[in-house]
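The values are calculated or read from the model by the stated rules, or taken from the named source; none is laboratory data. Keep in mind that what you see is a predicted model, and the values were worked out from it rather than measured. Cβ atoms come from the backbone with ideal geometry, glycine included; neighbour counts cover every protein chain shown.
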């Protein structure tokens with residue numbers, strides 16, 4: 001596998017860290033610079049932004065509150081929050097928000113907008129520090145689709161879920177996640193850090209310019225992440241999250257199974273659960289995976305139940321994580337195929 005990855009790294013100039021766990025076998029390799037100006041290299045303990053990869057954290061938080069009886073998956077949005085959502089369908093539920101089937105407008109609609117940076121020209125990113133700061137970007141716009149009609153990936157829906165967590169717990173969203181998820185999973189290096197107050201050993205995100213130069217992403221993403229994305233993790237911490245989730249340390253077995261159930265079909269072999277993508281092969285679950293992209297950030301991570309394997313790829317560039325993920329996955333697929341051939345002989 002290392003030979004395959006080295007070739008990919010050479011082709012794409014990968015910057016980041018790759019973690020693979022197969023049983024007792026571990027691969028943890030880092031490449032490129034966390035800080036280009038100071039020539040500080042990425043390492044196994046570097047914190048990376050993961051953009052939308054942390055929607056899974058939001059989902060776990062909601063499921064915990066459902067377990068406590070504070071919410072239900074069919075609780076309606078208007079029964080949870082008392083902001084002005086008069087333009088929205090009154091039948092929107094937490095289930096719809098979790099599965100991207102609410103039909104509400106998104107503040108960054110990937111079917112309409114291509115460049116996330118454009119969003120902050122008229123809405124300065126340095127003002128975006130709290131979840132409620134995002135509401136004016138979408139709360140008065142009309143519904144895009146009828147509620148429940150179809151899957152449409154939606155960041156605004158996860159902003160609302162974060163606000164529901166805050167209303168239900170009386171805590172700031174990031175504080176709740178730190179206490180109820182990161183601390184419980186042993187993710188001691190992870191957090192929702194402000195770009196103007198980053199802790200040590202955190203990679204700056206880099207955006208390549210047309211002339212081949214680079215700039216950081218500090219003016220290209222919200223100054224602090226929230227329930228729709230923007231946390232920072234190490235690859236080791238992300239692996240701990242998968243372990244804690246699969247071993248029922250964060251949720252009960254029933255809640256975990258519900259989170260990991262295919263709730264909506266996205267395409268032929270791809271489904272969405274609660275905050276997690278699900279890919280099937282031969283009518284069986286091939287992987288549970290999460291991903292995230294922002295300017296200066298690319299992230300992929302997956303758990304493969306048939307192999308009990310975990311993969312985490314964090315990059316502080318706008319792309320590269322998918323290429324590395326595909327390289328690792330090709331190796332895992334080949335290994336799974338070989339195992340199947342041996343078992344049928």
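Summary table below
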read-out: Hits in the range 55-110 (condition: closer than 22 Å to residue 289 by Cα, out of contact with any helix residue (DSSP H, G or I) (no Cβ under 7 Å at 6 or more places or on another chain) and part of a helix (DSSP H, G or I)); value: 56, 95, 96
read-out: Test for residue 212: is it over 15 Å from residue 52 (Cα atoms) and in a loop (DSSP other than H, G, I, E, B); value: yes
read-out: Subset of the range 237-287 (residues that are over 16 Å from residue 58 (Cβ atoms) and part of a helix (DSSP H, G or I)); value: 237, 239, 240, 242, 243, 246, 253, 254, 257
read-out: Residue that is surrounded by the fewest Cβ atoms within 10 Å (Cβ to Cβ), among those in the range 7-48 that are under 18 Å from residue 335 (Cβ atoms) and under 20 Å from the mean Cα position of the chain (by Cα); value: 21
read-out: Residue within the range 126-144 that is in contact with a strand residue (DSSP E or B) (Cβ under 6 Å, 6 or more places away or on another chain), modelled with pLDDT of 90 or more and either surrounded by fewer than 19 Cβ atoms within 10 Å (Cβ to Cβ) or not in a loop (DSSP other than H, G, I, E, B) (or both) present; value: yes
read-out: Tally of residues being crowded, with 21+ Cβ neighbours inside 10 Å and assigned to a loop (DSSP other than H, G, I, E, B) across the range 164-191; value: 2
read-out: Residue 255 being touching a residue at least 12 places away in the same chain (Cβ under 8 Å) and more than 18 Å from the chain's Cα centre (by Cα); value: yes
